[in-house]
Amino acid sequence: MAEAPSLADRIEAVLPQTQCTRCGYPDCRAYAEAIARGEAGIAQCPPGGAEGVQRRRH
């Protein structure tokens, strides 16, 4: 039986994967984990823009 994706996995899946560090984290995975822990906001990803924020809210 496959394990369901974690919250961080689901968040990482909607990030643009630019690894630009403009969110303040070393890569998209670290940013996704911080969001999942409630330590980062969903609007810290400039490449994701407003569309990315909308996708992360759903």
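Observations
- Every residue from region 43-58 that is closer than 17 Å to Leu7 by Cβ and at pLDDT 90 or above: Gln44, Cys45
- Qualifying residue in region 22-32 (condition: exposed (fewer than 12 other Cβ atoms within 10 Å of the Cβ), among the small types (Gly, Ala, Ser) and at pLDDT 95 or above): yes
- Residue list for region 33-42, restricted to those being modelled with pLDDT of 95 or more and surrounded by 16 or more Cβ atoms within 10 Å (Cβ to Cβ): Glu33, Ala34, Ile35, Ala36, Ala40
The values are calculated or read from the model by the stated rules, or taken from the named source; none is laboratory data. Bear in mind the structure is a predicted one, so any value in this text is a computation, not a measurement. Note: ideal-geometry Cβ built from the backbone for every residue, glycine included; neighbour counts use all protein chains shown.
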